[in-house]
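The values are calculated or read from the model by the stated rules, or taken from the named source; none is laboratory data. Note that this is a predicted model, so its numbers are computed, not measured. Glycine gets a Cβ as well: all are built from the backbone with ideal geometry, and neighbour counts include every protein chain shown.
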């Protein structure tokens, strides 16, 4: 069977939850409906007329893009404008468009991790923290016979992480009481008779992103008709998520050599460079897309260079005066996400038992050419 559009999006949001996006970012479903079967998903960086024609030719029902097609509220929708013609073509062919932008940039395994991995960076941290995950404590009472299956089901769903430790829980033996009423179908005991059962109180940590999944897994593995459990908010903070990455090269190298590494690793035609060609580069900041606002932050993080796009003239001058190197491979360097994103989504769709497939776009959406 083919997956519904809503199911495809649920899978994507496991990797790049919406709450990770920076405020006011244009993400999510921007056009069409998810209440339909999706045979093929086309993964792209941008939605251009050529990409839409590619989607039509490949019979895609959903386009998943990194960059939004609607940036501000529409005052009107005229089909004799370039944007209007694009929207009309998508609507006529019933192709929905879903955007994963800064939530994908920030996500673990997302855009900025791909860039850091491509450049061979190690010991990476966030360049700019954006979101710290809230934690809850889940308490559930389980009969001794099902203690281990319920516990492992919660762990598999994402519960029990504290820092670098997994499978964290606390378990207390005790006695539970309940009196099944008429119409009840108890796992233990019988209606109208007070029952005492040997149970284990299980306490574990649940991150907000996995709360629904963990509770569902727990309920599915639990044998009771009515499960007694509690969720408590905690002051303890979970994982932090952020824009950009800062990491180290295995060995220092001159800026001129590093710039060539960037060009080759990100598969771009050229890269603009600011700084002394002989400057030793060891600590590197990366940020996909437009990163002029983060040059100073990268320097404060101890980076010798920042790799990012859309650097303006005055930002480059200020960085040069401050001794900070910049390698600008262009905004379109983010095209590197297309293949790995499509491969990841294909694996998720396969594991979910669907026939839906994700296709990487083959259309070049770079608006620039080089002389």
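Any residue at all in segment 231-240 that is part of a helix (DSSP H, G or I) and at pLDDT 95 or above? Talk me through it step by step, then tell me what you get.
Taking segment 231-240 and keeping what is part of a helix (DSSP H, G or I), we get none.
Taking every residue of segment 231-240 in turn, none turns out to be part of a helix (DSSP H, G or I) and at pLDDT 95 or above.
Only one residue in 44, 33 is surrounded by 22 or more Cβ atoms within 10 Å (Cβ to Cβ) and under 30 Å from residue 212 (Cα atoms), so which one is that?
Working: 33 fails: surrounded by 22 or more Cβ atoms within 10 Å (Cβ to Cβ).
Being surrounded by 22 or more Cβ atoms within 10 Å (Cβ to Cβ) and under 30 Å from residue 212 (Cα atoms) holds for just one of 44, 33, which is 44.
Taken as a whole, segment 262-273 holds at least one residue that is in contact with a strand residue (DSSP E or B) (Cβ under 7 Å, 6 or more places away or on another chain), in a loop (DSSP other than H, G, I, E, B) and surrounded by fewer than 22 Cβ atoms within 10 Å (Cβ to Cβ). Where strands (runs of 3 or more DSSP E) sit wholly within segment 8-100, those with at least 2 residues that are within 22 Å of residue 343 (Cβ to Cβ) occupy 40-44, 62-65, 96-99. Output yes when any residue across segment 341-352 is part of a loop (DSSP other than H, G, I, E, B), in the same structural domain as residue 40 (by TED's automatic domain parsing) and in contact (Cβ under 8 Å) with a residue 40 or more places away in the chain, and no when none is. Yes, segment 341-352 has at least one match.
Annotation note: of 145, 128, the sole residue that is touching a strand residue (DSSP E or B) at 6+ places or on another chain (Cβ under 7 Å) and surrounded by fewer than 20 Cβ atoms within 10 Å (Cβ to Cβ) is 128. The single condition among (1) in contact (Cβ under 8 Å) with a residue 60 or more places away in the chain; (2) more than 30 Å from residue 14 (Cβ to Cβ); (3) part of a loop (DSSP other than H, G, I, E, B) that residue 327 does not satisfy is (3). Take segment 217-246 and flag every residue that is farther than 13 Å from residue 202 by Cα, surrounded by 12 or more Cβ atoms within 10 Å (Cβ to Cβ) and touching a helix residue (DSSP H, G or I) at 6+ places or on another chain (Cβ under 8 Å). Of everything in segment 217-246, those that are farther than 13 Å from residue 202 by Cα, surrounded by 12 or more Cβ atoms within 10 Å (Cβ to Cβ) and touching a helix residue (DSSP H, G or I) at 6+ places or on another chain (Cβ under 8 Å) turn out to be 217, 221, 223, 238, 241, 242, 243, 244, 245, 246. Does residue 259 qualify as being surrounded by 21 or more Cβ atoms within 10 Å (Cβ to Cβ) and more than 30 Å from residue 135 (Cα to Cα)? Criteria met by residue 259. Scanning segment 288-316 for residues being part of a loop (DSSP other than H, G, I, E, B), free of Cβ contacts under 8 Å to residues at least 24 places away in the same chain and either in contact with a strand residue (DSSP E or B) (Cβ under 8 Å, 6 or more places away or on another chain) or under 20 Å from residue 258 (Cα atoms) (or both) gives a total of 1. Being touching a helix residue (DSSP H, G or I) at 6+ places or on another chain (Cβ under 8 Å), within 27 Å of residue 342 (Cα to Cα) and either assigned by TED's automatic domain parsing to the domain that holds residue 32 or modelled with pLDDT of 95 or more (or both) is true of residue 104.
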